[in-house]
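Here the structure is laid out as structure tokens; the discussion comes afterwards.
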Amino acid sequence: MESPPEAGHRAGSRLAWGLDARETLSLLPLLLPVLAAGAVTVVAAIWRSFEAPFSISVLAGVGFLLAAAMFAEAYPVPVDRLPSGSVALAAVFILGAGILYGWEAAVIVGFVTRAGLELAERRALVKLTYNSSVYALSGLAAGLATSPFALHEPPGRRFLEVLVGAAAFYLVNVPLIAGIIALSAKQSFRVVLGASMAGTAVTFAIMASVSLALVVLWTESPFYAIALAGPLIAVALHQRSTHEALRAMRLAQTDPLTGLGNHRHFQDQLQTRLDHAAETQLPVSVCLFDLDNFKQINDRYGHPTGDRVLAQIAARLREAGEAFRLGGDEFAIVLPGHGEEAARKVADKLVRDLGAEETEHLGTVSFSAGVATSPQHGRERAELVRVADIALYWAKGEGKNRVRVYRPDMPALSQLQRLASDPDRSARLQAAAALAGAVDARDAYVGSHSHRVGEIAAAVARRMQLPDEEVELIRLAGKLHDVGKLAVPEEILRKRGPLTPREREVLERHPQIGQTMLDPLGVEPVGTWVLHHHERWDGDGYPGNLAGERIPIGSRIIFAADSFDAMTSDRTYRPALTPDEATAELRRCAGSQFDPNVVAALLAELETPDRRLELVPHLGDDALPLALAE
């Protein structure tokens, strides 16, 4: 067992003593009796030791037990499955000293063990004296409880002796810990004591079993017990090394800001849950959450406040299930054993509760959420995430602060078909523009890429003196050029390394998918421009291998704008080029990859200083004029 300050450092119920004078006064009803009793006990043990001096062999034995206890106290064994998180085996050697050499030895070993560590860690005097007194009194209890037993006992009585001694140590140590914690935290002693005893029962069992082995070996020969100390120390050091390695692995899978699992951990855990679900025939649901308008919190209150808001939200999400932060303001919860309706209720409650809770910025937040369930919506991890993504962004498109469950009969295409029936062309154009936000929101690593491409493409079209209406349609097509990526698995979009041929084939289908999604809206030629925005001037592009002026002008402009923005933006697979490097690449590829006239117009636009600030993406969206940023 451990004294209160160590209990605060190494376990959830332990006390960190940062006491001012007023707090110290509040502890005096327990502090003074414990200090007085501890002082009397230590003085009595020392007096008895001088009165009946230890022999050389006894001094050597007590010295060995003291050294082992101090080492065990300084290097507790980490055990993740225990409530305390570790086992400090000092009590093993304190109890052993009491059984083998009497209560005096147990008191001295206990007091010096704790006092030595307190001095080494430069603890305050009040901590040193209280903690050392607790160990001295615990050693006294263990020694007195085992005093009726003889040095050599049969196995049954030896087991009973160790059990009685360990229980005595435990029943003194734990109440004193609980008492000081209850006084300091102004909590009920009964509640704290109950929690402390429940949380240390496993530690007590481990301590008693190791103490039994120590005493049995020691009575046979102290050298056997010394041999036992070696493996104990080796296990402790090895366990600490292993624990640190596991901790490093956990950190690699943890978001440092919120403490939730990161995107990698989400993918791993979801796959594990899906594999288990396939064996048990139970459902698994995924809920994706996106914080609405989080950028406004950062802009208005600053990023430190925004970070605290995210941490507060993460704490609430953690209560609902296996929660993860996928990046930025996007979160996920995996709900094994939850069918579609049960998962929807969890998501609804979270969105509702978060919307009612005041956060760090003294306001409330709203979430959009998308839900998908396996096996109804697919058994593959990528497919499940993809359809949850679609549900999420339709929730955002329908007004935010709501939950949408994926329905096979209501994907993006069906929604667009419904909007296409609107006779008002402007309404259909607005519906199409709303899709661009879904693309940018999904591709978190490229930020507002589609928005910037639309603005760059419009600027180039205007410089090429195209009609105003065509300029605006090109702006819209630029914002929608990647809309087909809503159907591309997120694993492919976020992949850091080279794509496999199969993955590239999936990715290169996004222009056709985009045209299919836009066609029902009747906003041509936007869909056609999106279809051909990866065609090259020399005919080596896709999907149609069109060349030269056979490529629609809108597609040629979008292709150059898309390439420039991609080159000057950080991507997962490479850092951004400087604007000068990007313009040099545009000049080099004019006439082969790009329409020379489009490149000339884009370069002319970039040569205007004010336009250069507006169009270079890595300066951030805050560098855009207000009209464009909106």
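Can you flag which of LYS295/LYS479; LYS345/LYS400; LYS345/LYS485; LYS349/LYS479; LYS295/LYS345; LYS400/LYS495 are past 24 Å Cα-Cα?
Numbers: LYS295/LYS479 20 Å; LYS345/LYS400 17 Å; LYS345/LYS485 29 Å; LYS349/LYS479 34 Å; LYS295/LYS345 28 Å; LYS400/LYS495 29 Å.
Table pairs above 24 Å Cα-Cα are LYS345/LYS485; LYS349/LYS479; LYS295/LYS345; LYS400/LYS495.
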Distance in nm between label sites at LEU25 and GLU357, each 7 Å beyond Cα in the beta-carbon direction? 3.8
Plugging the Cβ-Cβ distance of THR528 and GLU279 into 1/(1 + (r/R0)^6) at R0 = 51 Å yields, to the nearest 0.05, a FRET efficiency of 0.60
Rounded FRET efficiency, nearest 0.05, which uses the C-beta distance separating ALA584 from GLN512 and R0 of 41 Å: 0.80
Between SER188 and ALA315, what FRET efficiency comes out of the Förster formula 1/(1 + (r/R0)^6) with R0 = 25 Å and r the beta carbon distance, rounded to 0.05? 0.50
For segment 316-329, Karplus-derived ³J(HN,Hα) couplings (6.51, -1.76, 1.60; θ = phi - 60°; whole Hz; x for glycine and proline) come out as 6, 5, 4, 6, 8, x, 6, 9, 9, 9, 7, x, x, 10
Ranked highest first by the average count of other Cβ atoms within 10 Å around their residues, in what order do 189-198, 259-268 fall? 259-268, 189-198
Label model pair GLU51, GLU549: point-to-point distance (7 angstrom along the Cα→beta-carbon line) in nm is 11.6
For TYR75 and ARG122 in one chain, what is 0.36 nm times their gap in residues minus the Cα-Cα distance, to one decimal in nm? 15.2 nm
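So which trypsin sites (Lys or Arg not before Pro) in segment 115-158 end up in coil per DSSP with only 15 or fewer other C-beta atoms within 10 Å?
Sites meeting the loop and neighbour criteria: ARG122.
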Around CYS287, what is the net charge, scoring Lys/Arg as +1 and Asp/Glu as -1 over all other residues with Cβ under 14 Å from its Cβ? +1
Please list, in chain and number order, the residues 5+ apart from ARG404 or on another chain whose amide H is under 5 Å from its amide H, with Hs placed from the backbone. ALA369, GLY370, VAL371
Among trypsin sites (Lys or Arg not before Pro) in segment 496-604, those in a DSSP loop whose Cβ has at most 12 other Cβ atoms within 10 Å are ARG496
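Pull out the extension gain between ARG308 and ARG494, defined as 0.36 nm times the separation in residues minus the alpha carbon to alpha carbon distance; nm, one decimal.
64.3 nm
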Order these by the 10 Å Cβ neighbour count, fewest first: CYS589, CYS287. CYS589, CYS287
Got a sec? Which residues in segment 178-214 would a label at LEU163 touch, if it sits 7 Å along Cα→Cβ and we count backbone N under 18 Å? 201-214
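Just so you know, all these numbers are worked out from the coordinates, no wet-lab data involved. Quantities reported herein were computed from a predicted structural model and do not represent experimental measurements. Glycine also receives a Cβ, built like all others from the backbone with ideal geometry; neighbour counts cover every protein chain displayed.
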